[in-house]
Each structure stands twice: as C-alpha cells, then as structure tokens.
Amino acid sequence: MKKLLYAFLVFASGMLFAQKSNTVKFAVYKDVIGTVKMFDNHKSDIEKLNVYKTKAALPSNLKKFEYLADNGLTEVKLKKNAGNPDSISLELLNSQGNVPKNSPIFVEGYKIEGPKTRIYSEMIDNIEVIDFNGQKCLSISTIQK
C-alpha cells in the first residue's frame, strides 16, 4: 500500500510541475525561444513584432515552435544595431543542472527538447530539478511580473 501511495505521489508531483501555464506567451527571435514579457526590456530595440494567435496561422519558419503556441506566438525582429539578448542551449543548461544533456527542459510546463535548442537566459526566474517519468529534468519558471 505504501508503494502504491508513493508511486501516486511521485506521478502527481511530476504532473503538477509539468502543467502548462496559461499565462505565458512565447516569443521567438532568430530561432531562440523567449517570452513576450522578456522583450518588454527591449522595447526601444524592437523593429517589428508579428503576433500569431493560432498554431494554424504560423508561417513555415515558425512551425517548429508550434508546441509553444497554445497562447499564440510572437516573432520578434530587432533593429540592425540592437544587441542580441544572451541565450543558452538546453545542453549547457542541463549540464549546469547536473542532469543528462539530452533531457528535455520544461519552461512553464511546456516541454522543450533538443540539446541544440536555445532559450534566452534573460527570461529565467527560477530553475529546479524535477522527476519526469523517472528522468531528471529541469523545470524553469519565467519572469511574469
């Protein structure tokens, strides 16, 4: 009975951490994942924002990010002389978090895979290690203020 209860608690905690946020809105700039909120700090550097409200509306260059578009997806274009926000690969994040380099990372409950996939480090508020189906993974919460 204790084993069954323990298994249920582990499963429930994994599902709790993997719940997708219904408030986070993702943005993409140069094939790197960020949040719309993160780009508020770069308003003066933004040349153009393309907001796509549905997955079906995404252009072909953003189709690979459709798993992040539950709340829409914004494509950001910065001015030519604007600097790029700092980004980091999932592989490096996993390495720093002492989890296998090929592990997926959950950002506000959205599962992001691929060790070469990059995210903007500026959007990260908190990182913790979680157990997802017996695999150690990183769970990232973003700045939502």
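Okay, here's what the table says:
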{"quantity": "Residue-level accessible surface for residue 46, protein heavy atoms, 1.4 Å, Å²", "calculated": "40 Å²"}
{"quantity": "Spacing of the two label points (7 Å from each Cα toward its C-beta) at residue 143 and residue 46, in nm", "calculated": "1.5 nm"}
{"quantity": "Estimated FRET transfer efficiency (residue 102, residue 126; beta-carbon r; R0 25 Å; 0.05)", "calculated": "0.65"}
{"quantity": "Sites residue 54 and residue 113 - FRET efficiency at Förster radius 35 Å, r taken between beta-carbons, to 0.05", "calculated": "0.95"}
{"quantity": "Charge tally in the Cβ shell below 10 Å around residue 42, where Lys, Arg are +1 and Asp, Glu are -1, residue 42 excluded", "calculated": "-1"}
{"quantity": "Projected label distance in nm at residue 37 and residue 61, using a 7 Å step from Cα toward the beta-carbon", "calculated": "2.7 nm"}
{"quantity": "Label zone at residue 133, where the point sits 7 Å out along the Cα-to-Cβ direction: the range 82-110 residues whose backbone N lies under 20 Å", "calculated": "90-91, 94, 99-110"}
{"quantity": "In Hz, Karplus ³J(HN,Hα) per residue of the range 97-113 (6.51, -1.76, 1.60; θ = phi - 60°; x = Gly, Pro)", "calculated": "x, 6, 10, x, 4, 8, 5, x, 10, 9, 10, 6, x, 8, 7, 10, 10"}
{"quantity": "Residue 106 accessible area, 1.4 Å probe, all protein chains in place, Å² to nearest 10", "calculated": "10 Å²"}
{"quantity": "Karplus 3J(HN,Hα) series, Hz, for the range 123-134 with 6.51 cos²θ - 1.76 cosθ + 1.60 (x for Gly, Pro)", "calculated": "7, 6, 9, 8, 10, 9, 8, 10, 9, 10, 6, x"}
{"quantity": "In Å², nearest 10: area of residue 40 left accessible to a 1.4 Å probe", "calculated": "60 Å²"}
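The values are calculated or read from the model by the stated rules, or taken from the named source; none is laboratory data. The model shown is predicted, which means the values in this text are computed figures rather than measured ones. Note: ideal-geometry Cβ built from the backbone for every residue, glycine included; neighbour counts use all protein chains shown. Note: areas computed on protein heavy atoms with side chains; ligands, DNA, RNA excluded. Shrake-Rupley method; radii C 1.70, N 1.55, O 1.52, S 1.80 Å.
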